[in-house]
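The structure appears right after this line, and notes come after that.
What follows is calculated from the coordinates using simple rules that are stated; it is not laboratory data. Since the model is a prediction, treat every value here as computed from it, not as a measurement. Please note: Cβ atoms are built from the backbone with ideal geometry, for glycine as well, and neighbour counts cover all protein chains shown.
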């Protein structure tokens, strides 16, 4: 007998949001031999590696929540592999959301905090360079929270109106 797993989308959204707030690691605080407080800032390379890793983690959590909500709304969606969106502000890898768009498989790189969702043709590679978006969806300014976070509900609402229903 198959076990039904209920996915708590609100919890995933909260977890992703909390990780989003902590993309950049803070300094390490300790004490020296005399008991004085010592603050050591993280190295530049460490900050960049940690930030990239955390962006993937946030994107993964976000993708799980978006996939679940789209499925509840009758749309076919799955989590693909990491992708790099050439039109995004940075070159960080994020999880790609696999969707049915206009009768074909497509991918949406889910970049946390991005005001634009871009739908690309599905490819096997990581870099979408050389591929033009099939559609760019602008999320409304009111969807962006004060810290730059965009809730799962807003992403799903924007995507759902452009997706083919599940077969």
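Helix 44-72 sits at what angle to the longest principal axis of the chain, using alpha carbons and giving 0 to 90 degrees rounded to 10?
30 degrees
Counting DSSP beta bridges with both partners in segment 64-140, what percentage is antiparallel, nearest 5?
Of those bridges, close to 95 percent are antiparallel.
What is the helix-to-structure angle for 9-21, meaning the angle in degrees between its Cα long axis and the longest Cα principal axis of the chain, kept from 0 to 90 and rounded to the nearest 10?
Taking the Cα atoms of the chain, the angle to 9-21 is about 40 degrees.
If you count, for each residue, the other Cβ atoms within 10 Å and average over each peptide, how do 122-134, 82-94 line up from highest to lowest?
82-94, 122-134
Report the Stokes-Einstein translational diffusion coefficient (µm² s⁻¹, integer) for segment 9-160, Rh taken as the Kirkwood radius over Cα pairs, at 20 °C with viscosity 1.002 mPa s.
130 µm²/s
Relative contact order (percent) for segment 9-160, with alpha-carbon contacts under 8 angstrom and 6 or more residues of separation?
Across segment 9-160, relative contact order equals 19 percent.
In deg cm²/dmol, rounded to 500, what helix-only [θ] at 222 nm does the chain give when every DSSP H run of at least 4 residues adds -39500 (n - 2.57) and the total is split over its residues?
Roughly -10000 deg cm²/dmol at 222 nm, from the helical runs in the chain.
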